[in-house]
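The values are calculated or read from the model by the stated rules, or taken from the named source; none is laboratory data. Note that the structure is predicted; figures quoted are calculated from it, not measured. Virtual Cβ from ideal backbone geometry, glycine too; neighbours counted across all protein chains shown. Just so you know, the surface numbers come from the protein's heavy atoms only, side chains and all, with ligands and any DNA or RNA stripped out. Shrake-Rupley method; radii C 1.70, N 1.55, O 1.52, S 1.80 Å.
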Amino acid sequence: MSNNERHKNDSNSVFSRFLRFWRSVHKVSQEELAFRLGSSPRHISRLENGSSRPSETMVMEVAEALALGKRDRNHLLLAGGYAPVSEGPDFNAPELKWLRKAMIMNLRALDPYPASVMDGAANLLMVNRGWVSFYSRVVPAEELANVRNHYDFIFDRHGAGNIVSDWEDTLSAILMSIQQAALFTGDDQAWQTLKRLTAFPSVPDDWQQRAARTEPMASFRVQLNVEGALRRFFSVSTMAGALGPNAFVSEPRLTITTLYPEEDLDLASMQDDGVSHPLLFY
């Protein structure tokens, strides 16, 4: 059999390839795995030749029987066609001190461009001086100090929302991304976030139709009113996480979002080194 033919046969089931791989890694026979699962060797064989598709429960039981860790269990779920299980650790946990230091170094390097670090629920974890200096020009200091969630900040007309052009379309695109995540994973947090944000009076009634007409990107252009003039910015999001198809599932889902001016704009002259904010760590 040629390599192409072998690849074609194997591609009938990604799960089959993963199951054979992990059995070989742990040196577990089909008979032994069937015994651990309370199943039959015939069923294991059918799973491995792609003639039978596993249920989500079966995938989880296989992962447990083979003592797979979080990363490898989630790869197995993805291979079976199921959403991974997110169990990310606390960003502020002592063992992630190295990660927090790395994020501070990133934020410091991005000054004077406004930048922030967010988790998967858009909770703000860190900001840089450029972020505080930029938004303190449009939001009172006491209100800015209480900002803890990027979505809430954007959806609130008293927050960053009061300077965003095409605001309703921006909100619609954000809501659709959360809606899709909720449908895909069934995650309660995603549904709760969607419910909270759609309650903002700023959300247009036709947000679903608006979002359906756009193709969102991690990086996009946005127009902001800066000191009375409409300025164009690139909003660029960079993700920091694990390698592979299971990235961000078994660790904090971090995103660094930065605003870069499209036209000449001296942000350095706007930066105040004396600014303070609870999420500014340098």
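Descriptive notes on the structure:
- Among the residues making up region 195-217, those that are of a type in the set (A, V, I, L, M) and in contact with a Leu (Cβ under 7 Å, 6 or more places away or on another chain) are 197, 203, 211.
- Residue in region 116-123 that is under 16 Å from residue 18 (Cβ atoms) and either in a helix (DSSP H, G or I) or not β-branched (Val, Ile, Thr) (or both) present: no
- Screening residue 191 with (1) over 28 Å from residue 137 (Cα atoms); (2) open to solvent by less than 60 Å² (accessible area, probe 1.4 Å); (3) aromatic (Phe, Trp, Tyr) gives one miss only, at (2).
- Restricting attention to region 251-263 and to residues that are open to solvent by 40 Å² or more (accessible area, probe 1.4 Å) and modelled with pLDDT under 80, the residue that is nearest to residue 141 (Cα to Cα) turns out to be 253.
- Inside region 27-66, residues that are more than 32 Å from the chain's Cα centre (by Cα), open to solvent by 50 Å² or more (accessible area, probe 1.4 Å) and touching a residue at least 24 places away in the same chain (Cβ under 8 Å) make up a count of 2.
- Matching residues, region 124-142, being part of a loop (DSSP other than H, G, I, E, B) and either in contact (Cβ under 8 Å) with a residue 24 or more places away in the chain or closer than 10 Å to residue 277 by Cα (or both): 128, 136, 137, 138
- When 80, 50 are screened for being within 30 Å of residue 20 (Cα to Cα) and out of contact with any Pro (no Cβ under 9 Å at 6 or more places or on another chain), only 50 passes.
- In the set (1) within 25 Å of residue 261 (Cα to Cα); (2) in contact (Cβ under 8 Å) with a residue 12 or more places away in the chain; (3) assigned to a helix (DSSP H, G or I), the condition left unmet by residue 109 is number (2).
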